[in-house]
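Let me begin by presenting the structure, written as structure tokens, before commenting on it.
The values are calculated or read from the model by the stated rules, or taken from the named source; none is laboratory data. If you're wondering where the values come from, they're calculated on a predicted model, not measured in any experiment. Positions of Cβ are backbone-derived with ideal geometry, glycine not excepted, and every protein chain shown enters the neighbour counts. Note: accessible area is taken over every heavy atom of the protein model, side chains too, but ligands, DNA and RNA are not part of it. Shrake-Rupley method; radii C 1.70, N 1.55, O 1.52, S 1.80 Å.
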Amino acid sequence: MTRTVLFLLSLSVLSGCTNVTGDTPRTISSQHQEPLNTERLFAAAETFFSEAGYRCSSDAGAGQFRCSRALRDLYIHQTTAEVNIYPADEEGRGHRVIATRWDEGLIPSELIANTYANDDVEAFCAYLASEKLGRCSDYQG
């Protein structure tokens, strides 16, 4: 019995954990009456997030944009930030920005903060406004 308990305990320690938490979702909309130009938005996002150290890929035809950046890359634990941009509705009136943080490894999720705010997304929203490409607002689901 004792061996079984010790074996199960050792498995739980060695198996690690995955913890995902997200930033406040945002909606990007046009500053003008016309629909938001997806190609221009994705080009601006590619430039901005690449300069911030993210690896990005986009598919404007499918309306998807994704970036990721390693925040921590230790042997026992990895943390990755992800930013996803996709259409908010069928009419093409806006896009959603979802930022998440993925923690994977041997650090228990109880020891990892369950709140997350991606400063790069906030800076990207300010960049869009300054370039008059769009404006961000908190998503009101």
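In this simple spin-label model, placing a label point 7 Å from the Cα along the Cα-to-Cβ direction at both Ser50 and Thr18 gives a separation of 2.9 nm.
Dividing the alpha-carbon radius of gyration of segment 49-101 by the rule-of-thumb value 2.2 N^0.38 Å gives 1.34.
When a/c reaches 1.5 or more, the comparison of a/b and b/c decides; with that in mind, is segment 22-141 rounded, prolate or oblate per its Cα gyration tensor? Can you show the working numbers first?
Working: a/c = 2.25, a/b = 1.92, b/c = 1.17.
It comes out prolate by the Cα gyration axes.
In this calculation the C-beta distance from Glu104 to Gln64 is compared with R0 = 22 Å, giving a FRET efficiency of 0.45. A 1.4 Å probe, protein heavy atoms only, puts the accessible area of Glu39 near 110 Å².
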